[in-house]
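To start, the structure under review is shown below, and the notes come after it.
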Amino acid sequence: MSQTDVRMDGAPELRGEREATPGSAGRRRERLMVPKADFDSYYGRPVLNEPTWSARDIAGYLFLGGLAGASSTLAAAAELTGRPRLARASKVGALGALGGSFYCLIHDLGRPERFLNMLRVFKVTSPMSVGTWILSAYAPQAGCAAGADVAGLFPGLGRAATVGAGITGPAVATYTAALICDTAVPAWHEGFREMPFLFAGSAASAAGGLGMLAAPVSEAGPARRAALLGAAVECVAATRMERRLGPLAEPLKRSGLLRLGEALALAGAVTGVTLGRRSRIAAMAAGAALLAGSACTRFGIFKAGMESANDPRYTVQPQRRRLAKTRAERDLT
């Protein structure tokens, strides 16, 4: 029979999807009758469940936490170099940003006791657990530093708290990068190498912007330098991440918020170190641009991550590339 085979019960049966043809050396080869499956999605539906995080809560938490941590570090530098008005502005700004970040985090968690429950254990492999303890160590020092400065009481204790918060500040500004990179969201997970530097640069530019906005020009030198350094680090880290991720960086490249954030950061930093050195109005405009740019960067990163989670291509294709790389390495050995 040419088209069917006969089973043992006499019923006809269609042939399998492979057909044997004689080879040139008398051996039989198999010819694939249907194309090889190329899995890119499950019927076009997302492979991952989209995170239930709210952009207002989580992106706001990322921005405000970075601003708080970097502002405390800037406050410590201003305190130790004799710039009291810059130090006070940074301390108060750090405490206000910290309060806002706590609100965003607890609002997303739903109940305040959930944050307290995370203090029951310390798990070094969990960025959320480590971050909770970092915040718990940082918050009292930031509050004490700002309170002592504004009230004019206990200057020694306030100075010690300022230095302590300044030391803890970089961890507060960057641990959120590890937090989102530890998720399965493709654009975040694959960007784990550059994301901490991007967050650190964005936080430094925001803290520098706040310092230029609130402190007099004569004391804002460290804020201007922090803003310039932060904007440079942010842009370099973003560029390297987009190049390394390849096709997975498409949501990042399409993000208008990220492009706007980079433009505002660079414009604010350049304006701050040029016109902002002599003009109070220019310094305030530069500071506002830097703060807005940092916020756009955090919201842009959040939006791009959600887009990559919703498109199955960004989940499947990296897995296929890793599998192909593993097979190639195995063949070489």
Subject >> C-alpha long axis of helix 256-273 to longest principal axis of the chain, angle in ° >> reply: 30
Original post:
Computed from these coordinates, which is P(r) over Cα pairs in 20 Å bins from 0, in percent: (1) 28, 44, 16, 9, 3, 0; (2) 29, 57, 14, 0; (3) 35, 60, 4?
Top reply: (1)
Original post:
Roughly how many Å² of Val236 are accessible to a 1.4 Å probe, to the nearest 10?
Top reply: 90
Subject >> Potential extension, Glu329-Ala171 segment - 0.36 nm per residue separation minus Cα distance >> reply: 53.1 nm
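Which sequence of Phe115, Phe102, Phe122 reflects their accessible areas, 1.4 Å probe, from the largest down? Intermediate values should be presented prior to the final figure.
Details: Phe115 20, Phe102 45, Phe122 125 Å².
Reading off the accessible areas and sorting them downward yields Phe122, Phe102, Phe115.
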Original post:
Taking all protein chains as present, what is the carbon and sulfur share of the accessible area of the range 170-258, in % to the nearest whole number, probe 1.4 Å?
Top reply: 65
**OP:** Go through the range 196-212 residue by residue and turn each phi into a ³J(HN,Hα) via Karplus (6.51, -1.76, 1.60, θ = phi - 60°); whole Hz please, and just put x for glycine and proline.
**Re:** x, 5, 4, 5, 5, x, 4, 5, 5, 5, 5, 5, x, x, 5, x, 5
**OP:** Give the shape of the range 253-315 as rounded, prolate or oblate, defined through the alpha-carbon gyration tensor: a ≥ b ≥ c are the square roots of its eigenvalues, a/c under 1.5 means rounded, and otherwise the shape is prolate if a/b is larger than b/c and oblate if not.
**Re:** prolate
**OP:** Report, in degrees rounded to the nearest 10, the 0 to 90 angle that the Cα long axis of helix 84-109 makes with the longest principal axis of the chain.
**Re:** 40
Subject >> 0 to 90° range, to nearest 10: angle between helix 221-245 axis and the chain longest Cα axis >> reply: 0
Subject >> Net charge of neighbours whose Cβ lies under 13 Å from the Cβ of Ala328, counting Lys and Arg as +1 and Asp and Glu as -1 >> reply: +4
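Could you work out Rg/(2.2 N^0.38 Å) for the range 173-268, with Rg from alpha carbons only?
Compared with the compact-globule rule of thumb, the range 173-268 sits at 1.15.
Taking only protein heavy atoms into account and a 1.4 Å probe, give the accessible area per residue of the chain in Å².
Value returned for the chain: 53 Å² of accessible area per residue.
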Subject >> Part-to-part distance (alpha-carbon centres) for the range 189-237 and the range 287-333, which is given in Å >> reply: 23
**OP:** Leaving ligands, DNA and RNA out of it, rank Val124, Val270, Val163 by accessible area with a 1.4 Å probe, largest first.
**Re:** Val124, Val270, Val163
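The values are calculated or read from the model by the stated rules, or taken from the named source; none is laboratory data. This one's a predicted model, so the numbers in the text were calculated from it and none came from an experiment. Please note: Cβ atoms are built from the backbone with ideal geometry, for glycine as well, and neighbour counts cover all protein chains shown. Surface areas here come from the heavy atoms of the whole protein model, side chains and all, with no ligands, DNA or RNA. Shrake-Rupley method; radii C 1.70, N 1.55, O 1.52, S 1.80 Å.
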